[in-house]
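Peer 1: Below you'll find the structure I mean.
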Amino acid sequence: MSNQPHYWAIVPAAGVGKRMLADRPKQYLPLRGQTVLEHTLSRLLSAKIADIASAEIFTAVVVAITDTDPYWPELDVSKHPRIVTAAGGKERADSVLSGLKHIRDRAAANDWVLVHDAARPCVTPADIQALIAQLQDDPVGGILALASHDTLKQVQNGRITASVDRSRVWRALTPQMFRYQLLTDALTQTAGNPAITDEASALELLGYKPAIVEGRPDNIKITRPEDLALATFYLEQQ
Ligand code: C5P
């Protein structure tokens, strides 16, 4: 047995997506003939280690789903041999922790886990490979992020109170990549804290400094109705 760490993907897909104002959770909305979630999962399942066409990156892709979700069992991908279904939780962090616990008998402490939002269907293999290439020897791990090109303002009650130094502010994307045990410990210790809106924030709260790897601006999170048109455009361009 080699000591090389395995790579696992965890996809929290138990959100409701109220801001989409749709009749179903946003991960099941149609996008170029498939659901958003099918695009996301097919990108993760087909991701290959750079330059080795036969070497899939992920041992398994764990998808956290609400137990009353009627849409998931209808998708063919739910039966894929490398897809594992875990129970979703109340908040995003609960869904991720549930996914981690689901593979505790298969994952080693120093295996890498890449957490990726179900609602980010435009993630590219190059982005996943860049994240892994830059972080595989990192003691903490890190995230894809985007620099800010706009001037940023701090605002209170609709009035600007200060300008923020934009060189110091980045937008957090996914995947976010951390070691299995460190991520599990961080999410367990910070459970219930409303400030934990991504994996990195759980580690930051424990005093770690996750790295950033510059991502692509087309790795958008479907949040509002107009984002579907934008995602369609990006998928066609890619
Ligand atoms: O709502 P938001 O866009 O921030 O959700 C980010 C991701 O977290 C989505 O993929 C959503 O399905 C997931 N999520 C989850 N469990 C929750 C809430 C959100 O898996 N309780």
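The values are calculated or read from the model by the stated rules, or taken from the named source; none is laboratory data. Nothing here was measured: the structure is a model prediction, and the numbers come from that model. Here the Cβ is made from the backbone with ideal geometry for all residues, glycine too, and neighbour counts use every protein chain on show.
Peer 1: Can you tell me how many residues in the range 182-218 are among the hydroxyl-bearing types (Ser, Thr, Tyr) and under 25 Å from PRO121 (Cβ atoms)? Before the answer, list the steps.
Peer 2: Applying the first criterion (among the hydroxyl-bearing types (Ser, Thr, Tyr)) to the range 182-218 yields 184, 188, 190, 197, 201, 208.
From what is left, the residues that are under 25 Å from PRO121 (Cβ atoms) are 197, 201.
The qualifying residues number 2.
Peer 1: Quick one: which residue in LEU187, LEU228, LEU144, LEU183 is at pLDDT 95 or above, in a strand (DSSP E or B) and surrounded by 17 or more Cβ atoms within 10 Å (Cβ to Cβ)? Full working, then the answer.
Peer 2: Working: LEU187 fails: in a strand (DSSP E or B); LEU228 fails: in a strand (DSSP E or B); LEU183 fails: in a strand (DSSP E or B).
On inspection, the qualifying residue turns out to be LEU144.
Peer 1: In the range 38-59, what residues are out of contact with any Leu (no Cβ under 7 Å at 6 or more places or on another chain) and hydrophobic (A, V, I, L, M, F, W, C)?
Peer 2: Across the range 38-59, the qualifying residues are LEU41, LEU44, LEU45, ALA47, ILE49, ALA50, ILE52, ALA53, ALA55, ILE57.
Peer 1: Tell me whether the range 44-52 contains one or more residues that are within 12 Å of the ligand (Cβ to nearest atom) and β-branched (Val, Ile, Thr). Give the steps one after another, and end with the answer.
Peer 2: Restricting attention to the range 44-52, the residues satisfying the condition of being within 12 Å of the ligand (Cβ to nearest atom) are none.
No, the conditions are met nowhere in the range 44-52.
Peer 1: Here's a follow-up. From the list ALA229, ALA195, which one is free of Cβ contacts under 8 Å to residues at least 40 places away in the same chain, more than 16 Å from the ligand (Cβ to nearest atom) and closer than 30 Å to LEU29 by Cα? Steps first, please.
Peer 2: Details: ALA195 fails: more than 16 Å from the ligand (Cβ to nearest atom).
Checking each option against the conditions leaves just ALA229.
Peer 1: Another one. Output the residues belonging to the range 19-43 that are free of Cβ contacts under 8 Å to residues at least 60 places away in the same chain, buried (at least 21 other Cβ atoms within 10 Å of the Cβ) and out of contact with any helix residue (DSSP H, G or I) (no Cβ under 6 Å at 6 or more places or on another chain).
Peer 2: PRO25, TYR28
Peer 1: Let me ask you something else. Could you please let me know if LEU152 is within 16 Å of the ligand (Cβ to nearest atom), farther than 26 Å from ILE103 by Cβ and free of Cβ contacts under 8 Å to residues at least 40 places away in the same chain? Before you say what the answer is, go through the steps one by one.
Peer 2: Numbers: within 16 Å of the ligand (Cβ to nearest atom): no; farther than 26 Å from ILE103 by Cβ: yes; free of Cβ contacts under 8 Å to residues at least 40 places away in the same chain: yes.
No, not satisfied.
Peer 1: Among the strands (runs of 3 or more DSSP E) confined wholly to the range 1-107, which include 2 or more residues that are in contact with a strand residue (DSSP E or B) (Cβ under 6 Å, 6 or more places away or on another chain) and within 26 Å of GLN238 (Cβ to Cβ)?
Peer 2: Working: elements: 7-12, 58-65, 83-87.
Per the criteria, 7-12, 58-65.
Peer 1: Just checking, how many residues over the range 88-141 are surrounded by 15 or more Cβ atoms within 10 Å (Cβ to Cβ), farther than 23 Å from THR68 by Cα and among the polar types (S, T, N, Q)?
Peer 2: So the count comes out to 3.
Peer 1: Scan (1) more than 13 Å from the ligand (Cβ to nearest atom); (2) in contact with a strand residue (DSSP E or B) (Cβ under 6 Å, 6 or more places away or on another chain); (3) over 18 Å from THR59 (Cα atoms) for the single condition VAL113 breaks and write down its number.
Peer 2: With (1) more than 13 Å from the ligand (Cβ to nearest atom); (2) in contact with a strand residue (DSSP E or B) (Cβ under 6 Å, 6 or more places away or on another chain); (3) over 18 Å from THR59 (Cα atoms) applied to VAL113, the lone miss is (3).
Peer 1: For the range 193-219, name all the residues that are in a loop (DSSP other than H, G, I, E, B) and buried (at least 19 other Cβ atoms within 10 Å of the Cβ). Give the derivation first.
Peer 2: Going through the range 193-219, the residues in a loop (DSSP other than H, G, I, E, B) turn out to be 193-198, 206-210, 215-219.
If the condition is that a residue be in a loop (DSSP other than H, G, I, E, B) and buried (at least 19 other Cβ atoms within 10 Å of the Cβ), then ILE196, ASP198, PRO210, GLY215, ASN219 are the ones that fit.
Peer 1: Sort out which residues of the range 1-24 are at pLDDT 95 or above and within 12 Å of the ligand (Cβ to nearest atom), and write them in order of number.
Peer 2: Those that are at pLDDT 95 or above and within 12 Å of the ligand (Cβ to nearest atom): ILE10, VAL11, PRO12, ALA13, ALA14.
Peer 1: Restricted to the range 72-87, and to residues that are touching a helix residue (DSSP H, G or I) at 6+ places or on another chain (Cβ under 7 Å) and under 18 Å from LEU29 (Cβ atoms), which residue is surrounded by the most Cβ atoms within 10 Å (Cβ to Cβ)?
Peer 2: We begin by selecting, within the range 72-87, every residue touching a helix residue (DSSP H, G or I) at 6+ places or on another chain (Cβ under 7 Å); these are 72, 75, 77-78, 80, 82-87.
Checking the rest, the ones that are also under 18 Å from LEU29 (Cβ atoms) come to 72, 75, 77-78.
Numbers: TRP72: 21, LEU75: 17, VAL77: 18, SER78: 16.
The residue in question is TRP72.
Peer 1: Being charged (D, E, K, R), over 18 Å from the mean Cα position of the chain (by Cα) and more than 20 Å from TYR7 (Cα to Cα) is the requirement here; does ASP165 meet it? If you could, list the steps in order and put the result at the bottom.
Peer 2: Numbers: charged (D, E, K, R): yes; over 18 Å from the mean Cα position of the chain (by Cα): yes; more than 20 Å from TYR7 (Cα to Cα): yes.
Answer is yes for this residue.
Peer 1: Quick one: which of ARG171, ARG120, ARG179 is basic (Lys, Arg), touching a strand residue (DSSP E or B) at 6+ places or on another chain (Cβ under 9 Å) and within 18 Å of SER98 (Cα to Cα)?
Peer 2: On the way: ARG171 fails: within 18 Å of SER98 (Cα to Cα); ARG120 fails: within 18 Å of SER98 (Cα to Cα).
None of the other options fit; the residue is ARG179.
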